[in-house]
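Here the structure is laid out as structure tokens; the discussion comes afterwards.
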Amino acid sequence: MFSVSNDLSSSDGLSDSSGFLRSSRFSSSTGFSSSNKWINNHAYSAFKEVDLHCETNNNDHHTSQISVNQLIVRRGQPFNITLKMAKPFNPDSDQLTMKVVTGKYPSEERGTMSRFGVPDKVEPSPGAIAVWKAELQKNSLPETGMLALTITPPAHAPVGEYKLSAGLKAEENELAELFVLFNPWCSEDWVFLPNEAERQEYVMNQHGIIYKGSDQYIHGLSWDFGQFEEDMVQICLKLLDLSRKHKRDPADDVSARCNPIYVGRVVTNMYVSILETYQSPSFLNERKETVSAILKGDVHLKYDVLFVSAEVNADVVSWLVKRDGSKVEMFSDTKSVGQHISTKAVGSNERVDITNTYKHTEGSAMERAVFRYALSKLDINNTKPTDGNAAPQLIIKFEEESTPVNGQDVKMKLVLRSEGSSARTLSIAVSVQAMTYTGRLKENIKNEVIEKELLPGNDLTIPIQVPYSSYSKQMVSCQTMNISALITDIQNNQIYVADDRVVLKDPPISFTVPDEARVDQKMTFKVDFNNPVNETLTGFTLTVSGTGLVQSEEIIKVPDLMSYNTLSMKFSLFPYKSGEKTLLVDFDCASFRDIKASCTVNVKP
């Protein structure tokens with residue numbers, strides 16, 4: 001619960017945690033009542049009640065943060081249930097037959113159904129590919145009808161929602177619904193991670209960091225996964241069911257969910273942004289195989305190797321487009337793409353540069369060889385790899401006079417130096433454009449053409465100033481400017497081109513939070529933001545989110561903020577989960593978008 005006011009109440013949000021599933025989740029044919037335990041309503045029924053031990057099982061399977069009321073287990077790892085029979089059970093003469101199914105078209109041959117039992121005399125189909133096991137625990141009391149069972153799903157079972165049923169003689173009843181997930185703790189599972197620190201980072205962590213900016217300015221942005229929020233498992237499975245692959249062939253799709261690479265591909269193709277950001281072990285094997293393929297230049301392989309190779313190791317070719325539409329290649333830049341590929345460190349918020357796992361050292365013989373090999377695999381006609389042109393006769397570089405900040409004038413300078421021995425008259429055309437995060441040039445901000453003389457051995461400095469008033473509207477939905485210079489040597493009509501990307505830093509947001517907070521107790525925090533521009537900011541909203549702190553994303557309207565004034569507001573919320581949590585705020589107004597900030601809050605039980 002969240003509010004700007006200090007007068008808040010909180011509902012207890014209590015739910016059944018007895019470990020017994022409610023019968024309302026199943027059809028009325030089971031004959032069970034809606035009490036916390038399943039009670040036999042029919043004297044002839046062989047089954048009286050079942051205890052799924054949700055809290056204990058989920059804790060053992062590292063899923064208790066998701067739920068303690070629903071049974072959520074990981075494949076390749078046993079879990080326990082207790083089944084109370086109406087009559088004594090004799091393992092020597094009685095046969096308890098069990099069955100699990102997932103999807104609408106369960107099949108043993110597809111791995112979406114398994115028949116097993118106690119004792120282990122149930123023969124699966126000869127073509128069964130994912131056979132479950134059950135065994136009677138030593139603490140069972142079959143003479144009283146109390147069966148303590150250990151059930152183990154295979155390490156290659158499809159992930160998803162399963163129905164578990166049991167039969168004795170001619171009677172069969174549905175016992176429970178459970179969810180089966182990938183298991184990075186199981187050495188037989190494809191997603192196995194031997195390092196516990198990596199399991200905590202990639203599986204159990206609730207937040208990560210997205211890195212953005214340029215090679216000169218790398219900015220980390222907190223990202224809240226929200227993976228342990230209520231009903232998240234059901235939501236993820238529902239998303240899989242909405243995929244084109246599932247609609248085309250649901251039986252094959254559910255069966256293929258045994259493969260983490262397949263699941264990762266389905267999710268990626270659906271462009272589900274909240275899941276695309278996960279670095280879950282469900283996708284780690286795919287990622288490792290794809291880091292390897294990109295490094296080697298094996299772009300003919302699947303799993304987006306070609307696309308990512310271009311993202312990290314493409315050459316940028318500059319073309320001059322003439323008035324008649326013809327194009328002239330100016331130069332090829334082999335170094336600017338794929339700089340400082342970054343990820344969050346395991347166990348800390350430090351940035352780790354992983355560029356060397358995607359590409360060899362920029363400009364090295366091996367890097368160029370891999371690039372040529374990648375082109376050869378693409379079978380592109382009339383395409384020759386470029387190794388860069390000869391050293392230019394004109395040295396061009398851009399320099400920042402100060403750190404570019406959104407809301408302030410951008411001050412740059414273009415510095416030119418001639419390698420020749422005589423003076424040169426240059427026509428210099430400077431263009432500034434807004435650029436989207438994908439690199440697409442969006443709107444023109446400034447054009448300027450000047451003529452200058454460049455003396456040998458001297459630097460020629462051209463100031464480039466972009467006032468806030470000239471870029472404010474164009475940069476509302478962008479954070480990067482592209483500044484380019486087209487330089488023509490008038491004497492010999494030789495043309496040179498250079499460009500630079502300028503990332504605008506967001507105006508700062510400051511947080512004041514308590515050193516610690518407690519579950520279900522009011523926590524107050526303060527947010528300060530200074531209007532950096534000489535105009536009133538309107539249409540202001542503040543979005544607050546954070547797993548364990550705010551039940552759902554809260555959007556608060558904020559009063560207009562006069563020029564150069566400071567917004568200072570206090571907010572209250574009631575944390576609902578203990579542990580280290582991340583509070584995120586996002587400011588939006590008519591002049592600025594997505595000004596984000598975050599802080600860590602330690603919540604005590």
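The values are calculated or read from the model by the stated rules, or taken from the named source; none is laboratory data. Model, not experiment: these values are computed from the prediction. Cβ placement follows ideal geometry from the backbone for every residue including glycine, while neighbour counts extend to all protein chains displayed. With ligands, DNA and RNA removed, areas are computed over all heavy atoms of the protein, side chains included. Shrake-Rupley method; radii C 1.70, N 1.55, O 1.52, S 1.80 Å.
Quick notes on this structure:
- Selection within region 128-156 - open to solvent by 50 Å² or more (accessible area, probe 1.4 Å) and polar (S, T, N, Q): 139, 144
- Close pairs from region 590-604: first under 26 Å from residue 576 (Cα atoms), partner of a type in the set (Ser, Thr, Tyr) and part of a strand (DSSP E or B), Cβ under 8 Å, at least 6 apart: 596/222; 597/510; 598/222; 598/582; 599/582; 600/582; 601/582
- Matching entry among 463, 507 (being of a type outside the set (S, T, N, Q) and crowded, with 17+ Cβ neighbours inside 10 Å): 507
- The set of residues from region 466-484 being surrounded by 15 or more Cβ atoms within 10 Å (Cβ to Cβ) and assigned to a helix (DSSP H, G or I) comprises 468, 470, 471.
- Any hit, region 284-307, residues being farther than 30 Å from residue 488 by Cα, at pLDDT 65 or above and outside any loop (DSSP other than H, G, I, E, B): yes
- Residues (exposed (fewer than 14 other Cβ atoms within 10 Å of the Cβ) and not in a helix (DSSP H, G or I)) located in region 231-253: 231, 242, 249
- Qualifying positions in region 420-448 - under 34 Å from the mean Cα position of the chain (by Cα), among the polar types (S, T, N, Q) and surrounded by 12 or more Cβ atoms within 10 Å (Cβ to Cβ): 433, 436
- Remark: residue 203 matches the filter, which requires a residue to be under 22 Å from residue 348 (Cα atoms), of a type in the set (A, V, I, L, M) and touching a Pro at 6+ places or on another chain (Cβ under 7 Å).
- Of all residues in region 398-419, those satisfying the criterion of being open to solvent by less than 40 Å² (accessible area, probe 1.4 Å) and either of a type outside the set (S, T, N, Q) or over 17 Å from residue 217 (Cα atoms) (or both) are 398, 404, 405, 407, 410, 412, 414, 415, 416, 418.
Residues checked against (1) within 39 Å of the chain's Cα centre (by Cα); (2) part of a loop (DSSP other than H, G, I, E, B):
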| site | (1), (2) |
| --- | --- |
| 139 | no, yes |
| 143 | no, no |
| 147 | no, no |
| 151 | yes, no |
| 155 | yes, yes |
| 158 | yes, yes |
| 163 | yes, no |
| 172 | no, no |
| 175 | yes, no |
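- Qualifying residue in region 368-386 (condition: open to solvent by less than 50 Å² (accessible area, probe 1.4 Å) and at pLDDT 70 or above): yes
- Total residues in region 326-339 satisfying the condition of being closer than 21 Å to residue 214 by Cβ and either of a type in the set (Lys, Arg) or modelled with pLDDT of 85 or more (or both): the figure is 1.
- Candidates 534, 492, 444: the one that is without any contact (Cβ under 8 Å) to a residue 40 or more places away in the chain and part of a strand (DSSP E or B) is 444.
- Residue count, region 85-107 (criterion: in a loop (DSSP other than H, G, I, E, B) and crowded, with 19+ Cβ neighbours inside 10 Å): 4
- Residues in region 141-152 that are within 13 Å of residue 77 (Cβ to Cβ) and touching a Leu at 6+ places or on another chain (Cβ under 9 Å): 150, 151.
- Condition check for residue 590 on (1) of a type in the set (A, V, I, L, M); (2) out of contact with any Lys or Arg (no Cβ under 9 Å at 6 or more places or on another chain); (3) farther than 30 Å from residue 470 by Cβ; (4) not in a strand (DSSP E or B): one failure, at (3).
- Residue 125 vs. criteria among the small types (Gly, Ala, Ser) and either within 20 Å of residue 79 (Cβ to Cβ) or buried (at least 16 other Cβ atoms within 10 Å of the Cβ) (or both): no
- Filter pass, residue 571 being under 18 Å from residue 472 (Cβ atoms), in a strand (DSSP E or B) and either open to solvent by 50 Å² or more (accessible area, probe 1.4 Å) or in contact (Cβ under 8 Å) with a residue 24 or more places away in the chain (or both): no
- Taken together, the residues in region 110-121 that are part of a loop (DSSP other than H, G, I, E, B) and buried (at least 18 other Cβ atoms within 10 Å of the Cβ) amount to 3.
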